[in-house]
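Notes follow once the structure below has been shown.
Derivation of every value follows stated rules applied to the coordinates shown; laboratory data play no part. On a predicted model such as this, the values are computed, not experimentally measured, just so you know. Cβ: placed from backbone, ideal geometry, glycine included. Neighbour counts: every protein chain shown.
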Amino acid sequence: MKEKIYLSSPHMSEEGFELQYVKEAFDTNWIAPLGPNVDMFEKEFAEYVGAEHAAALISGTAAIHMALKAAGVSQGDIVICQSLTFSATANPIIYEKAIPVFVDSDYETWNMSPKYLEQALIKYPQAKAVIVVHLYGLAADMDKIVELCKKYNVTLIEDAAESLGTTYKGKHTGTFGDFGIFSFNGNKIITTSGGGMLVSKNKEHIEKVRFWATQSRDKARHYQHSEIGYNYRMSNVLAGIGRGQMKVLDERVKRKQEIFNYYRERLKGISDITFMPINDWNSPNCWLSSITLIGSVRPNHIIESLNEENIESRPLWKPMHRQPVFEMYDFVGANVADTLFRNGICLPSDTKMNITVQKTVIERILGLYRK
Ligand SMILES: *Cc1c(COP(=O)(O)O)cnc(C)c1O
């Protein structure tokens, strides 16, 4: 069996930066939660994306959960959420017993359609928060989405789990809204094996999240609690991995973009294939190179053909309003997310993948069109 090629898998630096920081943590016995790596990771991360404040947490999902709490979302509140995404975007809405309303995408960005967002805001003027996602590293239409959230006075949370390194008009995704969240899960562009970051302009909110995330311990000598706490803080060891990975982030973005450009160049002759939209205001990190198909070659044909080479590929995210666990909630939109899901496929985009493997992927796809 050939070595398995993944869509996107952990890629530590050749220089061993991560191990250096982890070793420091060991040498100083800062293994337990928190410590200098956590503080420095937050600082270096905030500087990189241009955010004012950051809190390192155990996952991107925990970061969304904390953002919702900081936005004051509680039982029975409406939260408007992009439908085309991974379930982790929407699950924390349910953790807080709030009610999701899902919104369709547009073809120009694959992300939340400003038109349908406005329809949802008119239908639910009491909505507490909006969660927009930057899928596959493509930025959503932020000018319009920020303006709408201001107009309707609703908190904006950006799920930038997949888009670290992506800029929209020169500014990093995750820094437009009231809150931005990032993920360092194993499949993301950089990883701490598992982890997340919450960023915000609002210092009080970030400090409050750090408090909740360390079990809500009141300032008292004994253990005193006046709020429910969470064990959501990132450990000092994992923050060390994160600091090392930050040093290679720009390299990873460049490599992901190269992978995308190579697919686009070699597959441009196939008129049935449309590449994910790269708008001129958008400099995407190209986390996963994704395409949609019309015609007789279907996503499953490509997935099965690549599978024979032990190469992983997948359909796009299945929309949340089509998920058994969420289908009882309202949806505002048409059939854009459905159409993208039905016709879309994520191609292998692993930064460790060499050109020979990528040529195999391309040959397999071209082969299906020769039949
Ligand atoms: C990965 C991901 C998350 C969750 O991040 P974790 O760190 O795995 O909890 C949330 N939203 C999107 C869009 C993701 O891709």
Quick one: which of 222-228, 110-116, 190-196, 49-55 comes out on top by average Cβ neighbours within 10 Å, and what's the full order, highest first? 110-116, 190-196, 49-55, 222-228
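What percent antiparallel are the DSSP beta bridges of the chain, to the nearest 5?
Numbers: 25 of 44 bridges.
Restricted to the chain, the bridges split so that about 55 percent are antiparallel.
Can you work out the FRET efficiency for the pair TYR262 and GLN323, with r the C-beta to C-beta distance and R0 = 35 Å, to the nearest 0.05? Display every interim value, and only then the final one.
Working: r = 33 Å, r/R0 = 0.96.
Efficiency, rounded to the nearest 0.05: 0.55.
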Give the aspartates and glutamates reachable from LYS359 as a straight Cα distance under 20 Å; neighbours fewer than 8 places away on the same chain don't count. GLU3, GLU258, GLU265, ASP272, GLU304, GLU308, GLU309, GLU312, ASP350
Would you list THR173, THR61, THR292, THR360 from fewest to most Cβ contacts within 10 Å? THR360, THR292, THR61, THR173
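Quick one: dipole size for region 255-357, taken about the Cα centre, charges +1 on Lys/Arg Cβ and -1 on Asp/Glu Cβ, in debye to the nearest 20. Don't jump to the answer; show the numbers that get you there.
On the way: 11 positive and 12 negative charges, 28 e Å.
That gives a dipole near 140 debye.
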Any lysines whose Cα falls less than 26 Å from that of LYS169, other than same-chain ones fewer than 8 residues away, would be LYS43, LYS115, LYS144, LYS150, LYS151, LYS188, LYS201, LYS203, LYS247, LYS254, LYS256
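Can you compute the charge dipole magnitude of region 1-112 about its Cα centre, using +1 on each Lys and Arg Cβ and -1 on each Asp and Glu Cβ, nothing else charged? Give it in debye, rounded to the nearest 20.
Details: 6 positive and 16 negative charges, 105 e Å.
With only Lys, Arg, Asp and Glu charged at Cβ, the dipole is about 500 debye.
Using just the helices of the chain, give the 222 nm mean residue ellipticity in deg cm²/dmol: DSSP H runs with n ≥ 4 each add -39,500 (n - 2.57), and the total is spread over all residues, rounded to 500. Mind dumping the intermediate values first?
On the way: 12 runs with 135 residues, N = 371.
Result for the chain: -11000 deg cm²/dmol, rounded to the nearest 500.
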Using a Förster distance of 35 Å, the FRET efficiency for TYR223-GLU24 (Cβ separation, nearest 0.05): 0.70
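From the convex hull of the Cα coordinates of region 17-246, what is the mean projected area in square nanometres?
Details: hull surface 49.4 nm².
Result: a mean projected hull area of 12.4 nm².
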Extreme residue, positive dipole direction of the chain, given options GLN358, ILE206, ASN29 (C-beta unit charges): GLN358
The answer for VAL103, listing residues at least 5 apart or on another chain whose modeled amide H is closer than 5 Å to its amide H, is CYS81, GLN82, SER83, VAL332
Say each of ARG298 and ALA334 gets a label point 7 Å from the Cα, pointing the same way as Cα to Cβ; how far apart are those two points in nm? 2.4 nm
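By how many nm would the segment from LYS247 to MET12 lengthen if fully extended, with 0.36 nm per residue of separation less the alpha-carbon distance? Before the final figure, lay out each step's value.
Numbers: separation 235, 0.36 × 235 = 84.60 nm, distance 1.03 nm.
Contour length minus the Cα-Cα distance gives 83.6 nm.
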